[in-house]
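Written below as structure tokens is the structure these notes are about.
The values are calculated or read from the model by the stated rules, or taken from the named source; none is laboratory data. Computed from a predicted structure; not experimentally measured. Cβ: placed from backbone, ideal geometry, glycine included. Neighbour counts: every protein chain shown. SASA here: full protein model, heavy atoms, side chains in, ligands and nucleic acids out. Shrake-Rupley method; radii C 1.70, N 1.55, O 1.52, S 1.80 Å.
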Amino acid sequence: MASSVITLESTPTWAVAVVVFVLISISICIEHLLHLLAKYFNKSRRKYLIQALDKIKSELLQLGFISLLLTVGEKPIGNICIPKSIGETFLPCSDPSNDSPEEAKCEEQGMVSLLSRQGMKELQYLIFVLAFFHSLSCILTFGLGMAKQMRKWESWEAETRTLEYQFSNDPRRFLLIHQTSFARRHLRFWSEHRFLRCSACFLRQFYASVSKVDYFTLRHGFITAHFSEGSNFDFQKYIKRTLEKDFGVVVGISLWVWILSMLFIFLNAHGFYNYLWLPFIPLLMLLLVGTQLQGIITRMCLESQEKSQVVRGTFLVRPSDHFFWFGWPKLLLHIMHFILFQNSFQLAFFTWTWYKFGFRSCFHRKTEDIVIRLAVGVLVQVLCGYVTLPLYALVTQMGTSMKKVIFPEKVVEGLKRWRANARRNIALKNNYTSARPSLDNNTTSINTSPSFGASPSFNLNTSHCVKFDQPSSSEYLAVEVKDEGKANSANRETKDS
């Protein structure tokens, strides 16, 4: 017996009103929470976090449009018919169960729908879950992952202002390069051999990936390259502002991210056996990035050793873009973006299939599939937040140029006001210069003596003579100005009353 579908015609009005009221209340609460969060970021002058929040809002708006299009296009897309031979290719399951009814139009033609109405609803859930997991993954990685590390770096930054640190790093002290802690950490027997160096850097990222001596040395190299030696620049706050800006990039879902999501959906076909290799892609890329970042620190140490064997005060490393892949430090940010998105896609897809089809569906019939997806997803999340991200935050500052966030927000606002005032003053000066009359072969007479109790009088005649009333006994100065393009001559004469 066919089950009847209950429409709004057969639904009590109070039930519809209650559901709509609940949905609107939830939406208003979420909007109010986002508004309070933006207000807090504004008050604390966290400009880049405000931009990241705006990106999340735009993503929610984009998801709303996608949901609307899927709802409106549910019937038209369902009426698109394709041959059964094509519809049975690249299936996610080897023996799928087709319980959803086909469109009558396609069934009459002996064909199948391009995407059934039930499939449209399931796809809508998948896109929402993917966007939610991507935002959650970025927040957990950048928020919780860097919270502990930032507190540690803040204490290290405070230590640079102590007398003990200043005495131990006095520029008047000279040491051999192998006597410094930084050289003892990075100049080993494996440093000169590329293969051994890569192996050592690969292992080093798992324990004490960012040591105190690395932080102090890279901080000193950055300040020496961009500021005067001995500057009290707060390197930790600069890194914090940089990470906030990078978070705004990573949390966004751009066009190429959507293209990758479509590619991952396509690769979920049964014949690709993607559970054996797809979850390992973000893990391998993450380990490769961590090895590269550790290798950059070691290579900077080797380059400084080649230039000098004597250290004055603190070991000096020289920032440069040539240490990074293709001379482009920002490439690492895009790789991190890809890693976080691909990992969040794996977790989102597993959660969606578990919710819609059950724990033991055709998507996850094998136990090793479930174990691999969950274990690798959690491992990538932990490694990225507590190992690779701190390395990325520190080492990517060692490029040739410094980033725009070098100045705090108050300084940036002051510079913008100064720039606007300077432009306005230049415009006023140019307008005043263009409005002045030309003084070709004319004489201007000016009486510079102060006249108390008498107002100045301006006589504008053909000689452009300007005279001031003067007392009986005074000196008067006449200035004759001749403008011949480049040469100016002035003749002065003094007369006694």
The farthest towards the positive end of the charge dipole of segment 8-115, of the residues Ala38, Leu69, Ala15, given +1 on Cβ of Lys and Arg and -1 on Cβ of Asp and Glu, is Ala38
With every protein chain in place, the accessible area of Thr433 for a 1.4 Å probe, in Å² rounded to the nearest 10, comes to 80 Å²
Of all chymotrypsin sites (Phe, Trp or Tyr not before Pro) in segment 134-219, the ones in DSSP coil with at most 11 other Cβ atoms within 10 Å are Phe189, Phe206, Tyr207
So the FRET efficiency between Ser211 and Ile139, C-beta based with R0 = 30 Å and rounded to 0.05, is 0.65
Sorting Phe65, Phe227, Phe247 on solvent-accessible surface, 1.4 Å probe, most exposed first, gives Phe65, Phe227, Phe247
Note: Phe189 to Trp277 extended length (0.36 nm per residue) minus current alpha-carbon separation gives 28.1 nm
With every protein chain kept in place and a 1.4 Å probe, the residues His270, His178 fall, from largest accessible area down, as His178, His270
Sorting Ser113, Ser155, Ser434 on solvent-accessible surface, 1.4 Å probe, most exposed first, gives Ser434, Ser155, Ser113
Taking only the alpha-carbon atoms of segment 309-419, the convex hull volume per residue, in cubic angstrom, is 214 Å³
Lys148 neighbourhood, Cβ < 14 Å, K/R = +1, D/E = -1, net charge +2
With every protein chain in place, the accessible area of Arg184 for a 1.4 Å probe, in Å² rounded to the nearest 10, comes to 120 Å²
Rounded to the nearest 10 Å², the 1.4 Å probe accessible area of Ser231 is 40 Å²
Given a Förster distance of 51 Å, the FRET efficiency implied by the Cβ-Cβ spacing of Leu60 and Leu302, rounded to the nearest 0.05, works out to 0.60
Once Glu154 and Glu368 are pulled to full extension, the length gained, defined as 0.36 nm per residue separation minus their Cα-Cα distance, is 72.8 nm
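Pick out, in residue order, every one of the chymotrypsin sites (Phe, Trp or Tyr not before Pro) in segment 348-418 that is DSSP loop and has at most 12 other C-beta atoms within 10 Å; say none if there are none.
Phe359
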Length gained, Val72-Ser199, 0.36 nm per residue minus C-alpha separation, equals 40.2 nm
Rounded to two decimals, the Rg over Rh value of segment 17-65 from Cα coordinates and the Kirkwood Rh reads 1.10
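Provide the per residue accessible area, probe 1.4 Å, for segment 8-115, rounded to a whole number of square angstrom. Don't jump to the answer; show the numbers that get you there.
On the way: 7990 Å² over 108 residues.
In whole numbers, segment 8-115 has 74 Å² accessible per residue.
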Here the net charge surrounding Leu383, from other residues whose Cβ is less than 15 Å away from its Cβ (Lys, Arg +1; Asp, Glu -1), is +2
At R0 = 45 Å the Cβ-Cβ FRET efficiency linking Leu288 and Leu114, nearest 0.05, sits at 0.70
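At a 1.4 Å probe, what is the % contribution of carbon and sulfur to the accessible area of segment 8-115?
The computed percentage sits at 66.
On the protein heavy atoms, probe 1.4 angstrom, tell me the percent of accessible surface of segment 184-305 carried by carbon and sulfur. Working shown, then result.
Details: 3630 of 5380 Å².
After summing per-atom areas, the C and S share lands at 67 percent.
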Classified through the alpha carbon gyration tensor (a ≥ b ≥ c as square roots of its eigenvalues; rounded if a/c is under 1.5, else prolate when a/b is larger than b/c, else oblate), segment 8-115 comes out oblate
With +1 on the Cβ of every Lys and Arg and -1 on the Cβ of every Asp and Glu, the dipole magnitude of segment 8-115 about its Cα centre, in debye rounded to the nearest 20, is 1280 debye
